[in-house]
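Peer 1: The following block contains the structure, expressed as structure tokens.
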Amino acid sequence: MVEVSASILTLEKENAIKTMYNLEAGKIDYFHIDVMDGKFVEKDTTELMKDYALTASHISNLGLDVHLMVKNVEKFIDEYSMLEPEIITFHIEATKNEERTKSVIEEIKNIGSRVGIAISPDTSIDKIKSYLPYVHMVLVMTVVPGKGGQKLIPETLEKVKALKKYINENNIDIDIEVDGGINDETASKAIESGANILVAGNYLITSKNIGESVKKIKES
Ligand code: DX5
Ligand code: ZN
């Protein structure tokens with residue numbers, strides 16, 4: 001089954017609550033929270049995302065899909081733990097060594113969230129293969145992390161295909177999420193490649209009919 005996680009990064013502040021309602025009514029599956037620290041990526045969205053995540057958890061029962069684009073992963077796991085996110089995803093480029101990566105995976109499990117491990121477009125899937133049996137999801141970035149509204153980089157879908165093949169061959173039960181540049185045209189390609197959770201930001205936020213747009217992604 002295909003699920004849709006709505007990135008609320010580019011939400012207009014004045015319409016935030018209304019758009020969150022519309023997204024939930026439009027049958028998204030998660031709110032995707034893009035936490036950027038101004039270090040791992042240029043932008044700093046820490047305050048805004050805290051605000052939106054808190055609002056989303058107050059007005060909705062949908063799960064939070066927290067995407068940490070930060071260097072100090074441990075600090076943000078701690079900060080978000082009170083919101084009991086459904087999924088917390090960290091970047092392998094941030095944790096770097098094996099010992100830290102394993103301890104971050106444990107920390108996320110300890111607060112009761114599912115664990116996602118993300119790779120940026122330049123990172124090979126070989127870097128994460130050894131962790132796959134211990135996590136619930138791989139987030140394959142289909143744009144360079146840092147901002148919404150970018151175009152999907154086609155080569156990244158080759159990585160999704162290779163990852164899907166690898167997990168099938170090794171009988172690993174894991175979700176594959178794609179993030180960046182998803183719309184009604186790229187969604188079908190991402191799903192064909194093996195993704196089953198699709199993040200969509202701009203495409204949904206600017207849609208005149210969110211329910212219809214969510215349906216288009218799920219049925220692509
Ligand atoms: C990029 C973020 C994405 C992005 C998605 O750094 O991780 O979640 O905001 O937005 P769209 O769908 O507009 O590319
Ligand atoms: Zn994201």
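What follows draws every value from the coordinates through simple rules; no lab data is involved. Not measured: the values here are computed from a predicted model. Here Cβ is always computed from backbone atoms with ideal geometry, including for glycine, and neighbour counts include all displayed protein chains.
Peer 1: Find how many whole Å separate the alpha carbon centroid of region 164-220 from the alpha carbon centroid of region 59-127.
Peer 2: 20
Peer 1: May I pose another question? Let's see if you can work this out: charge +1 on each Lys and Arg Cβ, -1 on each Asp and Glu Cβ, no other charges. What is the dipole magnitude of the chain about its Cα centre, in debye to the nearest 20? Working shown, then result.
Peer 2: On the way: 26 positive and 36 negative charges, 67 e Å.
Using Cβ point charges on Lys, Arg, Asp and Glu, the chain gives about 320 debye.
Peer 1: Here's something else I'd like to know. Assign unit charges at the C-beta atoms only (+1 for Lys and Arg, -1 for Asp and Glu), then state the dipole size of region 1-126 relative to its Cα centre in Debye, rounded to the nearest 20.
Peer 2: Details: 13 positive and 24 negative charges, 19 e Å.
So the magnitude is around 100 debye.
Peer 1: Going by how many other Cβ atoms sit within 10 Å of their own, how do ASP184, ASP34, ASP173, ASP78 line up, fewest first?
Peer 2: Values: ASP184 16, ASP34 26, ASP173 8, ASP78 12.
Ascending Cβ contact count within 10 Å gives the list ASP173, ASP78, ASP184, ASP34.
Peer 1: Same structure, new question: Check the straight Cα-Cα distances from LYS39 and name the lysines below 16 Å, setting aside those fewer than 8 residues away within the same chain.
Peer 2: Candidates past the 8-residue exclusion: LYS71, LYS75, LYS96, LYS147.
Peer 1: If you don't mind, another one. What relative contact order, as a whole-number percentage, does the chain give when Cα pairs under 8 Å and 6 or more residues apart are counted?
Peer 2: On the way: 422 pairs, mean separation 48.0, N = 220.
After rounding, I find 22 percent.
Peer 1: Next question. Restricting to DSSP H runs of at least four residues, report the calculated mean residue ellipticity at 222 nm for the chain, -39500 (n - 2.57) per run over all residues, nearest 500 deg cm²/dmol. Walk me through the intermediate numbers first.
Peer 2: On the way: 9 runs with 85 residues, N = 220.
Estimated from H runs of four or more residues: -11000 deg cm²/dmol.
Peer 1: If you wrap the chain's Cα atoms in a convex hull and average its projection over all directions, what's the area in nm²?
Peer 2: Details: hull surface 42.7 nm².
The directionally averaged projection comes out at 10.7 nm².
Peer 1: Next up: Of ALA25, THR45, ILE210, which is farthest on the positive side of the dipole of the chain, counting Cα position, with +1 on Lys and Arg Cβ, -1 on Asp and Glu Cβ, and the Cα centre as origin?
Peer 2: After comparing all options, I get ILE210.
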